[in-house]
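Here's the structure we're looking at; comments come further down.
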Amino acid sequence: MQNSIKKTNTIKILCLVALAILSIAGFLFYNIQGNFSYAFPKRVYRVAAMIITAIAIAYATVMFQTVTRNRILTPSMIGVDSMYEVVQTVIYFFLGSASVFVVDRYLNFGTSIVAMVLFALLLYRFLFRADKYPIFLLLLAGMIIGTLLGSLVSFLQVMIDPVEYLSLQNKLFASFTNVKSELVGISAVILIACFIYGAFLMRDLDVMNLGRDNAINLGVNYDKLVLRVLILASILIATSTALVGPITFLGLIVSNLAYQFLVTYRHSILILGASLISIIALVGGQFLVLHVFNLNTTISVIINFVGGIYFIYLLLKQSKGVAG
Amino acid sequence: MIEIKGITKFFGKKPVVEDVSVTIETGKITSFIGPNGAGKSTLLSMVSRLLDSDTGEVLLDKTDVKKLKSKDFAKRVAILRQSNFINVRLTIRELVSFGRYPYSHGRLTPEDNEKIDEALEYMNLVDIQHKFLDELSGGQKQRAFISMVIAQDTEYILLDEPLNNLDMKHSVQIMKILRKLVDDLGKTVVIVLHDINFASVYSDRIVALKNGRLVKDGPTSEIINTESLREVYDMNIPVQEQDGCKICVYFQSQ
Ligand SMILES: Nc1ncnc2c1ncn2[C@@H]1O[C@H](COP(=O)(O)OP(=O)(O)OP(=O)(O)O)[C@@H](O)[C@H]1O
Ligand SMILES: [Mg+2]
């Protein structure tokens, strides 16, 4: 019985791989016009950015949901990625665009990540530690904090020098049509580093499925693991936000689809599956939007729309006590 | 030997465990008894490092448990909490396999599989080992968790109300298995029990708590009598001898 589940999981993963490759190939080669040596590298950069984003969000969300023991909240939904905007705005507001924190790309990125990690830790201490708050309360708190951060950002932006503001806006308005290609290289490096580091945490995460007490009983250093996962998830979310801007609901969709699609507690498989689904959703979705439906919109809009509905569905399911 | 020394825990301003000192002797079954809310689970959580104490310390063979590495501690002391909630689908065998995690970190060796088979056999779960936990009755689930702790193969086994949800037959079976683990394999068992007759018949020592304080600590024969039990439960409980066992007849006590 276990073997047959393992076998079907392998088949499912292979199907996902095939679909992902198909999406990527379609996106790269479909209807490529004009100067190939000009158009093709541009597409490669875009698709690379999408793949990095897709994997980063899937990876961060699955890990985050395991340590917080919930399947509805994601780092994006509690405002970890709004923290990126806050940091950038605060830097521009107080230090200006000529400051070393802006000019030095790595310092800028590093500062954002540190702030996001601290923010995630703070939220974790207050929201998740108590373990008893119902999910609705967490959501409400997350929304309020998100709104608060948003207001703070707009407040500071109104007071910023208009020239500085333009430069800030350019930095913040990353999207799929305006990918920060100069960040693709470093993002790929960060993602790979996270993967290597995260590989050591996979088994401990599997044990976390048994709950905090059983995990500690089995020798998992619980507090350390939570800290590591929160840091890792923050770095991943920061990377994807810097690259293509926030996509609030992608993580929620792909993690939950992976939980439903793959019957397993193993994080190596869940994260692989969620990452593939994520790539299919982003790259394949963008391909469909552009070439099949001929819509002049980006996939993130559609994902947030579909994700919002899916989110409500999950909430209703949970409130009926059927949630798995 | 586990030495609990002057341990105190506050939840808010209320002390739920207050200055408790107890020594758990090796090679024995020690039962923790006491009314609901006496602090038994809290005490057990502090011994097993699930909860930090506010004052006092717990020594495992003379070493402060806070100084031990998580992985090493997990090979020596196992704890099963009163209630367990899992939000993924696992089969019994998968759950029991987790008991080997301190040794093999998820990569099971042939020796691990042997221990898992053994633990499943102990708990009578071999036939249903590939069933998912959410397909089990409360008692079967409870046995699966106990089986995981047995597979962990530690010197010390701490169990918080393991007889929860179990019928008489399985309760007796589990107490006998614990007795066997102690007598044959030299393990040390600490168990929280509400049915004082199981404590009376199967344990070597009894520790009684009430309102967070230690009220009794001694060999079973010294605790199972009407006077001592009155101190613990505020009930008049007649004690009768039956086949060499002391049985408390508490059903109609005031
Ligand atoms: N996390 C907590 N926060 C606040 N109070 C708590 C917490 N855990 C336990 N308590 C309180 O501490 C006291 C002791 O609880 P504990 O669970 O240790 O009792 P117990 O002896 O195991 O009871 P039972 O026989 O019902 O399991 C209770 O009054 C309980 O309300
Ligand atoms: Mg209890």
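Some points to look at:
- Where strands (runs of 3 or more DSSP E) fall wholly inside the range B:183-254, the ranges with 2 or more residues that are more than 23 Å from the chain's Cα centre (by Cα) are B:239-242.
- Residue-level check: of (1) farther than 17 Å from A:GLY219 by Cα; (2) within 13 Å of chain A (Cβ to nearest Cβ); (3) not in a helix (DSSP H, G or I), B:ASN165 misses just (2).
Residue by residue, here is whether (1) in contact with a Lys or Arg (Cβ under 8 Å, 6 or more places away or on another chain); (2) within 26 Å of A:GLN65 (Cα to Cα) holds:
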residue	(1), (2)
B:LEU59	yes, no
B:VAL65	yes, no
B:VAL88	no, yes
B:ARG93	no, yes
B:VAL96	no, yes
B:ALA119	no, no
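- Residue match in the range B:98-113 (condition: without any contact (Cβ under 8 Å) to a residue 40 or more places away in the chain, under 24 Å from B:MET175 (Cα atoms) and either more than 9 Å from chain A (Cβ to nearest Cβ) or not hydroxyl-bearing (Ser, Thr, Tyr) (or both)): no
For (1) part of a helix (DSSP H, G or I); (2) within 26 Å of B:ILE2 (Cα to Cα); (3) touching a Ser or Thr at 6+ places or on another chain (Cβ under 9 Å); (4) not β-branched (Val, Ile, Thr), each residue gets a yes or a no:
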{"site": "B:ILE79", "(1), (2), (3), (4)": "no, yes, yes, no"}
{"site": "B:ASN87", "(1), (2), (3), (4)": "no, no, no, yes"}
{"site": "B:TYR103", "(1), (2), (3), (4)": "yes, yes, yes, yes"}
{"site": "B:LEU120", "(1), (2), (3), (4)": "yes, no, yes, yes"}
{"site": "B:GLN140", "(1), (2), (3), (4)": "yes, no, no, yes"}
{"site": "B:VAL149", "(1), (2), (3), (4)": "yes, yes, no, no"}
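- From the list B:GLN142, B:GLN129, the lone residue that is under 15 Å from the mean Cα position of the chain (by Cα) and buried (at least 18 other Cβ atoms within 10 Å of the Cβ) is B:GLN142.
- Pair list, Cβ < 9 Å and 6+ apart or interchain, from the range B:63-83 residues that are more than 19 Å from B:VAL96 (Cα to Cα) and at pLDDT below 95 to residues that are of a type in the set (Lys, Arg) and not in a helix (DSSP H, G or I): B:VAL65/B:ARG49; B:LYS66/B:ARG49; B:LEU68/B:ARG49; B:SER70/B:ARG49
- Of all the listed residues (B:ILE116, B:ILE79), the sole one being more than 9 Å from every other protein chain (Cβ to nearest Cβ) and within 15 Å of B:ALA151 (Cα to Cα) is B:ILE116.
- The single condition from (1) within 30 Å of A:LEU295 (Cα to Cα); (2) surrounded by fewer than 18 Cβ atoms within 10 Å (Cβ to Cβ); (3) at pLDDT below 80 that A:VAL179 fails is (2).
- Checking each residue of the range B:37-50 against the condition of being within 16 Å of ligand 2 (Cβ to nearest atom) and among the charged types (D, E, K, R) gives at least one match.
- Taking the numbered list (1) within 16 Å of ligand 1 (Cβ to nearest atom); (2) farther than 30 Å from B:SER228 by Cβ; (3) surrounded by 22 or more Cβ atoms within 10 Å (Cβ to Cβ) in turn, B:ASP52 passes all entries but (3).
- Test result for B:LEU209, under 29 Å from A:GLY211 (Cα atoms) and within 16 Å of ligand 1 (Cβ to nearest atom): yes
- On the stretch given as the range B:34-49, residues that are within 9 Å of ligand 1 (Cβ to nearest atom) and touching a Lys or Arg at 6+ places or on another chain (Cβ under 9 Å) total 9.
- In the set B:LEU95, B:LEU50, B:LEU43, only one residue is away from chain A (no Cβ under 14 Å), in contact (Cβ under 8 Å) with a residue 24 or more places away in the chain and either not in a strand (DSSP E or B) or not basic (Lys, Arg) (or both); that residue is B:LEU43.
- Residue in the range A:196-207 that is aliphatic (A, V, I, L, M) and more than 14 Å from every other protein chain (Cβ to nearest Cβ) present: yes
- Set B:VAL88, B:VAL58: member being surrounded by fewer than 23 Cβ atoms within 10 Å (Cβ to Cβ) and in contact (Cβ under 8 Å) with a residue 24 or more places away in the chain: B:VAL58
- For the range B:61-77, residues that are in a strand (DSSP E or B) and buried (at least 19 other Cβ atoms within 10 Å of the Cβ) total 1.
- In the range B:8-40, the residues that are part of a strand (DSSP E or B) and within 14 Å of chain A (Cβ to nearest Cβ): B:PHE11
- Residue in the range B:148-155 that is surrounded by fewer than 23 Cβ atoms within 10 Å (Cβ to Cβ), within 11 Å of chain A (Cβ to nearest Cβ), over 27 Å from B:VAL47 (Cβ atoms) and touching a helix residue (DSSP H, G or I) at 6+ places or on another chain (Cβ under 7 Å) present: no
- Breaking point among (1) more than 19 Å from the chain's Cα centre (by Cα); (2) under 14 Å from A:LYS12 (Cβ atoms); (3) aromatic (Phe, Trp, Tyr), for A:TYR259: (1)
- Residue that is surrounded by the most Cβ atoms within 10 Å (Cβ to Cβ), among those in the range B:231-251 that are over 12 Å from B:SER200 (Cα atoms) and not hydrophobic (A, V, I, L, M, F, W, C): B:TYR233
- Exactly one residue among A:LEU232, A:LEU272, A:LEU227, A:LEU288 is modelled with pLDDT of 95 or more, more than 10 Å from the chain's Cα centre (by Cα), surrounded by fewer than 24 Cβ atoms within 10 Å (Cβ to Cβ) and part of a helix (DSSP H, G or I), and that residue is A:LEU272.
- Helices (runs of 4 or more DSSP H) lying entirely in the range A:145-212 (those with 1 or more residues that are among the hydroxyl-bearing types (Ser, Thr, Tyr)): A:162-172, A:184-199
- Restricting attention to the range A:64-86, the residues being at pLDDT 85 or above, assigned to a loop (DSSP other than H, G, I, E, B) and acidic (Asp, Glu) number 0.
The values are calculated or read from the model by the stated rules, or taken from the named source; none is laboratory data. Nothing here was measured: the structure is a model prediction, and the numbers come from that model. Methodologically, a virtual Cβ is constructed for each residue, glycine included, from the backbone with ideal geometry; neighbour enumeration extends over all protein chains shown.
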